[in-house]
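Asker: Next up is a structure, given as structure tokens.
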Amino acid sequence: MRENVTMECGHSPAPGMDWNVTVSFVGNAKMYRVWSRSDEDQNRVLLKQAAGPLTWRRMVADIKELDEIGLGGDLLSDIQVSGLTGWQSSLLKMAWCKFEGPAERQLEFLLDLPDETIALFEEKLGDLTDPVVLAALDEVIEAKEELQISMTQVDQAINETTKAMRKGLDPWVRSMSDWFQAYEVFDLGPGVSMEVARRSTTAETLAIATTMQSPLAVEVARVLLVNWSKAEPKPVQEGNVGGIRFRSTIPFLQWLVQRLEPGALASVAAHADGHELNAMEALDAHIAAEINRLRTSRGGGALGHGVRGGIVASWERLRRQVFGSG
């Protein structure tokens, strides 16, 4: 199957100084060619021929490699791409503006992420070449570099914070920063310490706590529960019922209970101060609200009804584990 991707940039810095340049990638499953054409030379010029399939990552690499291809300055809005759409088109534009361009750091950052994560970025944040989005990415890159977070952890943070993203770029940037800072604390040693628990005050930092599998001290669990009761939104994570994946607030609470001895949280109510008692009441109310929401929801046919029934059973089991069977 023949593939043809064309990038065209026309710019007019001043009256009578219009210019236009085109770069084309033409290929199939076995090989491809790179061509250019400009106002200076209307004939197509072959820049490269290589074996292998034509992929967006290959095109970006060629743009970076070939001296004959390159734009200077912020020309992202002047570039038109045909043959590719969405985030792939955006990354080609970033790559082409390789001389003092507005997105050099952002491009290198995005290239280190899996395709699915970049696609999620565009779905949630919008056009990746938008100056506001580029500025948000730059803030995240600054936080990553300052705290020396690996790209593996960055990918995890993006997927957790972006899927549960609150509206607006600023809250997302804060969520990413919170996630990075929480990971820095978690990376200091095994288990969830009291210091980690006290700093886990947002949905993002509470969610990262669930990566720890060691037992919890009851005192630490109390702090986490109080922080959970105050956090808005609550941490939302992926669960599984009968092989069907769903996103809910229950995974964090299940993790919390499973790290404790049976009935440990129930003892909190008997010796709780005001904050802890309020947290237990908030937990009870949250469980009741989730069960009611699921029981009154419709849609999805028999499968949807079965999945909701399975999640309700999980909530009821959690309530028994925390409050007993009474």
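The values are calculated or read from the model by the stated rules, or taken from the named source; none is laboratory data. Model, not experiment: these values are computed from the prediction. Virtual Cβ from ideal backbone geometry, glycine too; neighbours counted across all protein chains shown. Surface areas here come from the heavy atoms of the whole protein model, side chains and all, with no ligands, DNA or RNA. Shrake-Rupley method; radii C 1.70, N 1.55, O 1.52, S 1.80 Å.
Asker: Would you mind stating whether Thr117 is modelled with pLDDT under 90 and either touching a strand residue (DSSP E or B) at 6+ places or on another chain (Cβ under 9 Å) or not small (Gly, Ala, Ser) (or both)?
Answerer: no
Asker: Moving on. If you take the residues in the range 121-154 that are within 12 Å of the chain's Cα centre (by Cα) and closer than 17 Å to Asp170 by Cα, which one is most open to solvent (accessible area, probe 1.4 Å)?
Answerer: Glu123
Asker: Using the structure shown, decide if Glu184 is acidic (Asp, Glu) and at pLDDT 80 or above.
Answerer: No.
Asker: Consider only pairs whose beta carbons are under 6 Å apart and that are at least six residues apart or on different chains; among these, list those whose first residue lies in the range 224-249 and is closer than 18 Å to Arg293 by Cα and whose second residue is part of a loop (DSSP other than H, G, I, E, B) and open to solvent by 20 Å² or more (accessible area, probe 1.4 Å).
Answerer: Val236/Ala164; Arg247/Val236; Thr249/Lys234; Thr249/Val236
Asker: Go through the range 90-113 and count every residue that is open to solvent by 50 Å² or more (accessible area, probe 1.4 Å) and assigned to a loop (DSSP other than H, G, I, E, B).
Answerer: 2
Asker: What about Ile69, is it closer than 14 Å to Met94 by Cα, of a type outside the set (S, T, N, Q) and in a loop (DSSP other than H, G, I, E, B)?
Answerer: yes
Asker: When the residues of the range 47-66 are filtered to those that are over 20 Å from Ser90 (Cα atoms) and hydrophobic (A, V, I, L, M, F, W, C), which remaining residue is surrounded by the most Cβ atoms within 10 Å (Cβ to Cβ)?
Answerer: Here the residue is Leu47.
Asker: Could I ask something else about it? Which of the residues spanning the range 280-292 are in contact with a Lys or Arg (Cβ under 9 Å, 6 or more places away or on another chain) and either open to solvent by 30 Å² or more (accessible area, probe 1.4 Å) or free of Cβ contacts under 8 Å to residues at least 12 places away in the same chain (or both)?
Answerer: Within the range 280-292, Ala282, Asp284, His286, Ala288 qualify.
Asker: In a helix (DSSP H, G or I), of a type outside the set (Ser, Thr, Tyr) and either surrounded by fewer than 21 Cβ atoms within 10 Å (Cβ to Cβ) or modelled with pLDDT of 75 or more (or both), is that true of Ala157?
Answerer: So Ala157 passes the test.
Asker: I would also like to ask the following. Residue check: is Arg308 under 28 Å from Asn227 (Cβ atoms), open to solvent by 40 Å² or more (accessible area, probe 1.4 Å) and not in a loop (DSSP other than H, G, I, E, B)?
Answerer: Spelling it out, it is not the case that Arg308 is under 28 Å from Asn227 (Cβ atoms), open to solvent by 40 Å² or more (accessible area, probe 1.4 Å) and not in a loop (DSSP other than H, G, I, E, B).
Asker: Of the conditions (1) farther than 24 Å from Ala119 by Cα; (2) open to solvent by less than 80 Å² (accessible area, probe 1.4 Å); (3) without any contact (Cβ under 8 Å) to a residue 60 or more places away in the chain, Gly10 satisfies every one except a single condition; which number is it?
Answerer: With respect to (1) farther than 24 Å from Ala119 by Cα; (2) open to solvent by less than 80 Å² (accessible area, probe 1.4 Å); (3) without any contact (Cβ under 8 Å) to a residue 60 or more places away in the chain, Gly10 is out only on (3).
Asker: Just checking, how many residues over the range 236-254 are under 16 Å from Ala209 (Cβ atoms) and at pLDDT 90 or above?
Answerer: Result for the range 236-254: 6.
Asker: Here is a further query. Can you tell me which of Trp172, Trp179 is more than 17 Å from Thr210 (Cα to Cα), assigned to a helix (DSSP H, G or I), at pLDDT below 80 and aromatic (Phe, Trp, Tyr)?
Answerer: The conditions single out Trp172.
Asker: Also, quick follow-up: Restricting attention to the range 198-214, which residues are assigned to a loop (DSSP other than H, G, I, E, B) and of a type in the set (Gly, Ala, Ser)?
Answerer: Correct list: Ser200, Ser214.
Asker: Here's a follow-up. Looking at the structure I just gave you, is Leu76 in contact with a strand residue (DSSP E or B) (Cβ under 6 Å, 6 or more places away or on another chain), among the aliphatic types (A, V, I, L, M), open to solvent by less than 40 Å² (accessible area, probe 1.4 Å) and on the phi < 0 side of the Ramachandran plot?
Answerer: So Leu76 fails the test.
Asker: Same structure, new question: Does the range 13-46 hold any residues that are modelled with pLDDT of 75 or more, of a type in the set (Gly, Ala, Ser) and surrounded by fewer than 16 Cβ atoms within 10 Å (Cβ to Cβ), and which are they?
Answerer: Ala29, Ser38 - these are the residues of the range 13-46 that are modelled with pLDDT of 75 or more, of a type in the set (Gly, Ala, Ser) and surrounded by fewer than 16 Cβ atoms within 10 Å (Cβ to Cβ).
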